[in-house]
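The values are calculated or read from the model by the stated rules, or taken from the named source; none is laboratory data. It should be emphasised that the depicted structure is a prediction, and the values quoted were computed from it without experimental measurement. In this analysis, Cβ positions are derived from the backbone assuming ideal geometry, glycine residues included, and neighbour counts consider all displayed protein chains.
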Amino acid sequence: MHIITDGLVIKEQNVGESDRLITVLTSKYGVIRAFATGAKSIKNKNLAGTQLLAYSDFVFYKGKDAYNVNSAIEKEVFFGLRSDIDNLSTAFYLADLVGEFAPETADSEELLKLLLNSIYLLSKKKKTAPFIKSLVELRALSIAGYMPDLVACSKCGEFEAETVYFNIKSGTFCCAGCGHPDLSQYPISISTLTAMRHIIYSDAKKIYDFELTPDAEKELATVAEAFALEHTGRHFKTLDFLKSLSIPSI
Ligand SMILES: [Zn+2]
């Protein structure tokens, strides 16, 4: 059986000397894992189309136990990413994160579009890496069923307050009057709350259209990452690597 689809390579493992096992996020068939025989060979026609973060037109063949890549013709390889290690590492982590909860067989067009548009903006340097990272963390989790409820204080219904406490476990917030800060609760300013509401509730076409002050960008980065890690319950080596870049070497 053949499957013809576009998709983004979100994981790549080397198998032996010349083969690759790739994980592809497709629009209609969810996540497909497939062997790409000989794909590491410099002469192989599928070399570029099966590399990590390549967006390609695929033809897969379903064998007895696994899928195989018949052909992978690259549509976009996000060349601009390769010149900035922060942007490239952010894209690797986001691909890893989205792969964690992308459905195995169902439609995943919304997640694929989010990832493609975000990686495109990074590769063109139109948005910063922390901005894109926070946005994808919150939006991807929302698509996957972990949408926070940021309408109002979960206790008194207050809509806006100078500072609120966001609870990463429940995905709700309390105003300062109702909140009792603990380890699950992160204090955030009204600008950060407004940005989070925008990321979660706005139309997919408009999600990138907002600005952040440097302080709000930092606050958002902390809370979005904590929320993503809490709900995936996973440790990401790609995130460790990304963080190691910001630690000044001695
Ligand atoms: Zn309250």
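Which members of the stretch 190-207 meet the condition of being within 16 Å of the ligand (Cβ to nearest atom) and surrounded by 15 or more Cβ atoms within 10 Å (Cβ to Cβ)?
Selection gives L193 alone.
Within the stretch 15-28, can you find the residues that are at pLDDT 90 or above and not β-branched (V, I, T)?
Correct list: D19, R20, L21, L25.
Scanning the stretch 95-108 for residues that are surrounded by 13 or more Cβ atoms within 10 Å (Cβ to Cβ) and modelled with pLDDT under 90, which turns out nearest to F236 (Cα to Cα)?
So the residue we want is E100.
Before we move on, is A91 hydrophobic (A, V, I, L, M, F, W, C), under 18 Å from N46 (Cβ atoms) and not in a loop (DSSP other than H, G, I, E, B)?
In short, no.
Of all the strands (runs of 3 or more DSSP E) wholly in the stretch 1-49, which have at least 2 residues that are at positive phi and not assigned by TED's automatic domain parsing to the domain that holds E100?
In the stretch 1-49, no matching strands (runs of 3 or more DSSP E) lie anywhere.
Taking the condition without any contact (Cβ under 8 Å) to a residue 12 or more places away in the chain and under 17 Å from S134 (Cβ atoms), does P187 pass?
So P187 fails the test.
With respect to the numbered conditions (1) of a type outside the set (V, I, T); (2) closer than 30 Å to K126 by Cβ; (3) not assigned by TED's automatic domain parsing to the domain that holds S123, which one is the sole condition not fulfilled by N70?
Tallying (1) of a type outside the set (V, I, T); (2) closer than 30 Å to K126 by Cβ; (3) not assigned by TED's automatic domain parsing to the domain that holds S123, N70 fails exactly one: (2).
Among the residues of the stretch 142-154, which ones are more than 12 Å from the ligand (Cβ to nearest atom), crowded, with 16+ Cβ neighbours inside 10 Å and part of a loop (DSSP other than H, G, I, E, B)?
Within the stretch 142-154, P148, L150 meet the criteria.
For the stretch 72-94, check the following and say yes or no: at least one residue is farther than 22 Å from L229 by Cβ, touching an Asp or Glu at 6+ places or on another chain (Cβ under 8 Å), crowded, with 18+ Cβ neighbours inside 10 Å and at pLDDT 90 or above.
Checked against the condition, which is being farther than 22 Å from L229 by Cβ, touching an Asp or Glu at 6+ places or on another chain (Cβ under 8 Å), crowded, with 18+ Cβ neighbours inside 10 Å and at pLDDT 90 or above, the stretch 72-94 yields at least one hit.
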